[in-house]
1. The conditions are (1) more than 14 Å from chain D (Cβ to nearest Cβ); (2) open to solvent by 10 Å² or more (accessible area, probe 1.4 Å), and C:His312 fails exactly one of them. Which is it?
2. Considering only residues that are open to solvent by less than 10 Å² (accessible area, probe 1.4 Å), more than 9 Å from every other protein chain (Cβ to nearest Cβ) and assigned to a loop (DSSP other than H, G, I, E, B), which ones fall in the stretch C:215-238?
3. Would you please name the residue that is farthest from C:Ala104 (Cα to Cα), looking only at residues in the stretch C:274-306 that are acidic (Asp, Glu) and surrounded by fewer than 20 Cβ atoms within 10 Å (Cβ to Cβ)?
4. I'd like the full set of residues that are free of Cβ contacts under 8 Å to residues at least 40 places away in the same chain, outside any loop (DSSP other than H, G, I, E, B) and over 16 Å from the mean Cα position of the chain (by Cα), limited to the stretch C:95-141.
5. Given the conditions (1) under 25 Å from C:Gly372 (Cα atoms); (2) touching a helix residue (DSSP H, G or I) at 6+ places or on another chain (Cβ under 9 Å); (3) surrounded by fewer than 19 Cβ atoms within 10 Å (Cβ to Cβ), and given that C:Gly157 satisfies all but one, which numbered condition is not satisfied?
6. If I ask for residues that are farther than 30 Å from B:Gly55 by Cβ, open to solvent by 10 Å² or more (accessible area, probe 1.4 Å) and within 14 Å of chain C (Cβ to nearest Cβ), which ones from the stretch B:301-338 would you list?
7. Can you tell me which residue within the stretch B:92-134, out of those that are outside any loop (DSSP other than H, G, I, E, B) and open to solvent by 60 Å² or more (accessible area, probe 1.4 Å), is farthest from A:Asp54 (Cα to Cα)?
8. For the stretch B:76-91, what are the residues that are at the interface with chain A (Cβ under 7 Å from one of its Cβ atoms), in a helix (DSSP H, G or I) and open to solvent by 30 Å² or more (accessible area, probe 1.4 Å)?
Amino acid sequence: MEVAREHIYSDADLDRVEGNQIEALKAHSQQPFPDPDEWLDEKLERNILLITVDAALNWARRSSLWPAICFPACCAFELIAANASRFDLSRFGMEILRASPRQADLMITAGTLTWKMAPQVRRIYDQMAEPKWVIAMGACAISGGIFTSSYSVVPGYNRIIPIDVYVPGCPPRPEALIYGIRMLHSKIARRSLGTEAK
Amino acid sequence: MILNSSLNSIAYSSTLPPDWPGGFWWHWLLFTVIIIVFALTLVMGFIWIERRGMGRMQARLGPNQAGPFGLLQPVADALKILLKEDIIPAKADRIVHWLAPVVAFAPALMIFAVVPFGDGAMLADLDIGILYVVAIASISAIGIFMAGWGSSNKYSMLGAMRGIASVVSYEIPVVLAIAGVVLVAGSMSLNQIVLAQDIPFILLQPLGFLLFFIGGCAEINRSPFDLMEADSELTAGFHTEYSGMKFAMFYLMEYAEAVAISAIIATLFLGGWRGPLLPPWLWFVLKVIFVFFIMVWTRTTLPRVRIDQLMALAWKFLFPLALINLIVTAIQILVWPDALPWILVPINLAIMALLILLWSKLFKLGWGRVEV
Amino acid sequence: MRDTRYARIMVLKTEPFILNIGPVHPSTHGVFRMRTTLDGEVVVDVEPVFGYLHRGIEKLAEERTYTGVIPLTDRLDYVASMSNNLAYCLAVEKLAGISVPERAEYLRVILAELQRIASHLIAVGAFLNDCGAFFTPFLYMFREREKIVDLFEMVSGQRLLYNYMRIGGFNQDVPDEFLPALDKLLAQMPRFIEEYERLLKENEILLARAKGVGILPKEVAINISASGPVLRASGVKWDIRKKDPYSIYDRFDFDIPTGEVGDCYDRYRVRVEEMRQSLRIINQARRQLPAGEVKSEVPHLVRPPAGEAYAHIEAPKGELGFHLVSDNSIAPYRCHIRAPSLLNLTALRDMAIGWKVADLIIIFGSIDIVMGEIDR
Amino acid sequence: MTVALSGKEIATKIEERFPGSVVKSSPDSLVVKSEFLLDVATFLKTTPDLDFDYLTAITAIDYYDRFEVVYQLTSIKHNHSLMVKTHCYGRDNLSLPSVVGLWRGADFQEREIYDLMGISFDGHPNMKRIVLWEGFEGHPLRKDYGT
């Protein structure tokens, strides 16, 4: 069987392509994404049937939030600590860290984002299947934190991807993260199939 | 399923009382549905057992928020996953990518057609039941390879190749281990095998049990042989590119296969549905859970082997031992056809201990060597 | 040995292909990318690509006061913040000629060694996790790490990035409850280390996976400037705490554990053994801990005389050095960080070629890197 | 205790072997001419009583009028250390000989200096950016970057 061979890049080509991607994304994301919260205020068109279905569905979605692996920096260790015995995210059915973003529901952006990393994060986000949520964990994820003035740091993940919940702290304590996750739960609880379809 | 209906129709008349209402097809449909629902419930239960059990073994609680004791956790998982977006990668082979989960998942359920839940309580009492199990169980590997190929992802491909390699190698010791049981029982029908177990075959065939357990774990890729979805190496292995419903099929397959292998082990070696006091189906389920628990236990404890070590284990360790086991069993059957089983138990245990000691001296995994 | 094996496989005339491992991958310990060329499952070539966490700490440090740099150093090796603080403070103290009170020296040793245990717990746990032990050892080790983190939280109010040490000592003394809690931990810890050892030490699969895999010969280890457990596992008895004692390490009695062959298993064993040695040091320091001040008289804005200084410590990952240049202003003129992880990483290609993908992962895990330190 | 060898003593030894190579020397360090760098490094590594087999760190410092590249050398055998420096004048197209052939530990560090300071190293097998991406403008650790 003949397999269509794609153009094989040399290492230098690969680096150049990566550099171009980064520059393009950088030029493209000078403004933060608006937070996707509008639907909270909308007057929801609900009917009895949908409400029941919504309730069941939203319960399922928030009871089984599988985090994607995106652990760039320091906050990752607080995230792991939150996942470990003491704080135990597994109680909420979150202990399955899906290495493949396709199977994950939640991205917890634990750590500083640099421009070099930004295309990868965008790609992971794009690879995640709908519905998906993002928690910005820590000061760096919210605004760049202590590194805002640096030449290579993205001032906040919301330049790259829309964020649902912001958890402040440098790094946030696991309790804070769990609080953030509970906030996300309550946010998910207010989703509706009726609005989702639009 | 439909393929087997002709086989089923022969077996059907002997297993169901003739005075049941309705025609043959109705019965067939009804029992198929019952078996599938039963198997899927068992699978859900096993997901819960694994996540809770693993949680406890890892010094944490495990899911306990969804429903009482977190019992509804698998339900939530399933609901959520079924309604997630289904992504087909742009460069994927669409048909293969679509078909792979079905091909992988169906065989795991089909195995239950011949597993007895009580005396004669099975969908089809095939005379060649165990052969059917072996044949069907290896079909999953094709689905896995299709998944790996169809995703057009290098991780998937590597995982799928590992999966095929392990299935091909482990089929042999597994079948040889089964052959020992068949010799002792004198039948290939799973029901007859259970009926022949006045004492569980784990005592008569201790080595066979060990080989079958290891081989079975490897064949369904349970840890420490979970190479094809090796978390720390290949992200998610063959199902890296799958999401939504199709991923759910793979996720369920993983457990359905585990349930199936546990059920086969319980049937072949632990006396199946036989047991005092409790109803047969409960005994059966308890035994299945016991076997599965051992699998969870090994998964949480043991590191993963390397692919060449996996092969070496099959060909250098399990294969010769399985052959010896078969020969020893055959000799025992020939020489003392009517020997009291209780005399054979210590003999076989001694043989097992001796062989394992011998082989562990002769043969060491790895230690810096690449075996293949 | 490696070459002949590879030659045999090449006879099959298979075509190598490139596999990108990372930057987001479960076992790359952060955002690290390995551009791997594979022949089937055999690693033909691996090129580390990093910089995905390059935050420009060295540049940022030039814009801050000497004390203001300490929070930045926290974020270098973020599983061993105390050690980073210590190295930086030593460099500034050397540059400015500041002395540190006796009690502060002892506390520094205690905290640095506790930090070493915490860091090694993660290193060992992550290594076993890379071997495929499905989080169990990792979670058990995290359980113990939490106890150490509690102690650190007691003194600094932070769980991960402590920012506790100051130039000339500490910003405040440890609270009263610290020492009893430390004693309790010291009493418990040996038992816990035994527990992990029992879990997997002599496990046949672990031996098969780690023994003889990824050997780093002694000469190569020195040539690539490896340090810390990686260097010691290769059989070089080189520990800065002994060979160039900083702070007050010359007052304590401890051994330098070394490996024999320099394989992954040796690196794992050396780390476990180092935890025991750290406990020994902490026990001694705890017994000798004097009362008194914890900070010497240091002006608010440290203004060291023009010049340069290089101070290094034996951090959990290896030799962590700070090269500071001062122009007699309140901010460092140049602050170079000699990151142990970066240099240990040079060994990856040597060790991994000829092994399988699965080995590449555990070889990488056994080096124990932290991206914050590599990219800075 | 690691003995920091006196730059002055080593400087006389080097001068004997390579006349005119040492620019200046002080008790903590010595500065060599960049064209002699590789020879001096080889000399320091191979001379039996010096035996600098371990390259601790390489740093570059921007002094506006010149770049100073600092090599921290250690001998594991004799447990002594030395700080060798070299100067590099100008702002553009700077280059120095690479010491990767002697100490492979220099590999990533030289690439990093190239990336962040803009000094390229001749003879390095893989001289390209390491922490920043291709196409990044400027060299951030230079003092005139971003002003």
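The values are calculated or read from the model by the stated rules, or taken from the named source; none is laboratory data. All figures in this text were calculated on a predicted structure; none of them were measured in a lab. Reconstructed Cβ throughout: ideal geometry from the backbone, glycine too, with neighbour counts over all protein chains shown. SASA here: full protein model, heavy atoms, side chains in, ligands and nucleic acids out. Shrake-Rupley method; radii C 1.70, N 1.55, O 1.52, S 1.80 Å.
1. All conditions are met except number (1).
2. C:Leu216, C:Gly228, C:Ser234
3. Residue satisfying both the conditions and the ranking: C:Glu297.
4. Selection gives C:Phe138, C:Leu139.
5. It is condition (2) that C:Gly157 fails.
6. Within the stretch B:301-338, B:Met311, B:Lys316, B:Phe317 qualify.
7. Here the residue is B:Leu131.
8. B:Leu79
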